[in-house]
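**Q** Below you will find the structure I want to go over with you.
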Amino acid sequence: MLILTEGLFIIFEQKPNHQPTMNTLKIKDYIFPIDTAKSYIKEYNQEDFGQTYTLWDVWVQGEEAPFMDEGMHSGNIRCEQMIATQGNLQSLAEKTIEVKGAYDYVTDEHLFTFYVLTHNGVKDNEITFGKIEGNKVAVYWKGVIEELGFEGDYNTNVPFELSCELEIKGMVSNEDYHTPSSVVKISVGSTNDDIDNNSNILEAITEITDNHRLNDEAYDAVIKLLCNKSFLETFEGDTDPLEDFISNFTHFTDDLTSPVPKNIIQKAMKKWRKVEMLENFVDNVE
């Protein structure tokens, strides 16, 4: 499963000023028709380690065309099983998202990839979704291919832009849309005075925060939860779940690969050091 860190996305309410000719893919100075019969977006829910997240499969297929005196070539841009942290398809109609990075270092996965000679990362993505018309949605997309594999200006950092009509093979309703952050916030809201319930919730949050980078709202909910006296009192007979959670949450390797950012860890520890029940579990962070 390809997991997209939630902090990588910026969402705008506007369309770009320039849109390329419909159903074309332009790689720098060369234009390829797009095969709309093979281009699609599929949005669906899938369980991951006991939690349900909304995923995207996206495929934009170019047709063969002459390229750089190198004969006929075709290319495609795609992602598979990418968690749709930026919003579900319905909520993104007539909006633009930005995906700046080509790689998610937390999960050790490329995000969108471009294929001509080999698979390569795509950065500086700006994707605008049009209106949803039946089972179709227009998409306007531009970005930079990190390495295309040809000589000179067509080797590294090659710009592209495309417009196409994507078939929608599946959509998730607003009510059924889930991300790691939304699951954490729901879990925090489901705590009570039952030790078994709270232990299961804390175990689930531990798993999520150990594998996914969340948004600030979800982190704030977690930090606040471990300052909640009523919640903590349910663990008075067994504090191991609290210790395990804090150990995972505050483990930091570097800014790229650590699931929890350093500034969030520092914010949490500043608050948790003031909680008597947690002080023995909180290590100092440089």
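The values are calculated or read from the model by the stated rules, or taken from the named source; none is laboratory data. Note that the coordinates shown come from a computational prediction; the quantities given were computed from them, not determined experimentally. Ideal geometry is used to build each Cβ from the backbone, glycine not excepted, and the neighbour counts take in all protein chains shown. In case anyone asks, the SASA skips ligands and DNA or RNA and just uses the protein heavy atoms, side chains included. Shrake-Rupley method; radii C 1.70, N 1.55, O 1.52, S 1.80 Å.
**Q** Give the residues of region 62-106 that are open to solvent by less than 30 Å² (accessible area, probe 1.4 Å) and polar (S, T, N, Q), sorted by residue number.
**A** If the condition is that a residue be open to solvent by less than 30 Å² (accessible area, probe 1.4 Å) and polar (S, T, N, Q), then 76, 85, 86, 88, 96 are the ones that fit.
**Q** Another one. Let me spell it out: the conditions are (1) open to solvent by less than 60 Å² (accessible area, probe 1.4 Å); (2) modelled with pLDDT of 95 or more, and residue 38 meets all of them except one. Which number is the exception?
**A** Tallying (1) open to solvent by less than 60 Å² (accessible area, probe 1.4 Å); (2) modelled with pLDDT of 95 or more, residue 38 fails exactly one: (1).
**Q** Among the candidates 257, 239, 253, single out the residue that is touching a residue at least 60 places away in the same chain (Cβ under 8 Å) and surrounded by fewer than 16 Cβ atoms within 10 Å (Cβ to Cβ).
**A** Working: 239 fails: touching a residue at least 60 places away in the same chain (Cβ under 8 Å); 253 fails: touching a residue at least 60 places away in the same chain (Cβ under 8 Å).
That would be 257, the only listed residue that is touching a residue at least 60 places away in the same chain (Cβ under 8 Å) and surrounded by fewer than 16 Cβ atoms within 10 Å (Cβ to Cβ).
**Q** Does region 218-259 hold any residues that are part of a loop (DSSP other than H, G, I, E, B), among the aliphatic types (A, V, I, L, M) and either touching a strand residue (DSSP E or B) at 6+ places or on another chain (Cβ under 6 Å) or within 19 Å of residue 188 (Cβ to Cβ) (or both), and which are they?
**A** If the condition is that a residue be part of a loop (DSSP other than H, G, I, E, B), among the aliphatic types (A, V, I, L, M) and either touching a strand residue (DSSP E or B) at 6+ places or on another chain (Cβ under 6 Å) or within 19 Å of residue 188 (Cβ to Cβ) (or both), then 226 is the only one that fits.
**Q** Just to be sure I understand the filter: pairs with C-beta atoms under 7 Å, separated by 6 or more residues or on different chains, first member in region 90-113 and under 23 Å from residue 170 (Cβ atoms), second member open to solvent by 30 Å² or more (accessible area, probe 1.4 Å) and among the aromatic types (Phe, Trp, Tyr). Which pairs pass?
**A** 95/12; 96/12; 110/103; 111/103
**Q** Checking the structure you have, find out if any residue of region 130-137 is open to solvent by less than 40 Å² (accessible area, probe 1.4 Å), touching a strand residue (DSSP E or B) at 6+ places or on another chain (Cβ under 7 Å) and at pLDDT 95 or above.
**A** Among the residues of region 130-137, at least one is open to solvent by less than 40 Å² (accessible area, probe 1.4 Å), touching a strand residue (DSSP E or B) at 6+ places or on another chain (Cβ under 7 Å) and at pLDDT 95 or above, which makes the answer yes.
**Q** Hey, any hits in region 200-217 for a residue that's open to solvent by 10 Å² or more (accessible area, probe 1.4 Å), part of a loop (DSSP other than H, G, I, E, B), at negative phi and touching a Leu at 6+ places or on another chain (Cβ under 9 Å)?
**A** For region 200-217, residues open to solvent by 10 Å² or more (accessible area, probe 1.4 Å), part of a loop (DSSP other than H, G, I, E, B), at negative phi and touching a Leu at 6+ places or on another chain (Cβ under 9 Å): present.
**Q** Among the residues of region 163-180, write down those that are surrounded by 13 or more Cβ atoms within 10 Å (Cβ to Cβ) and among the polar types (S, T, N, Q).
**A** Answer for region 163-180, where residues must be surrounded by 13 or more Cβ atoms within 10 Å (Cβ to Cβ) and among the polar types (S, T, N, Q): 163, 179.
**Q** Counting only residues that are acidic (Asp, Glu) and closer than 22 Å to residue 247 by Cα, how many does region 169-215 have?
**A** Residues flagged as acidic (Asp, Glu) and closer than 22 Å to residue 247 by Cα within region 169-215 amount to 4.
**Q** Tell me which of these residue 110 doesn't satisfy, since it passes every other one: (1) out of contact with any helix residue (DSSP H, G or I) (no Cβ under 8 Å at 6 or more places or on another chain); (2) closer than 30 Å to residue 259 by Cβ; (3) of a type outside the set (Phe, Trp, Tyr); (4) open to solvent by less than 40 Å² (accessible area, probe 1.4 Å).
**A** Failing condition for residue 110: (4).
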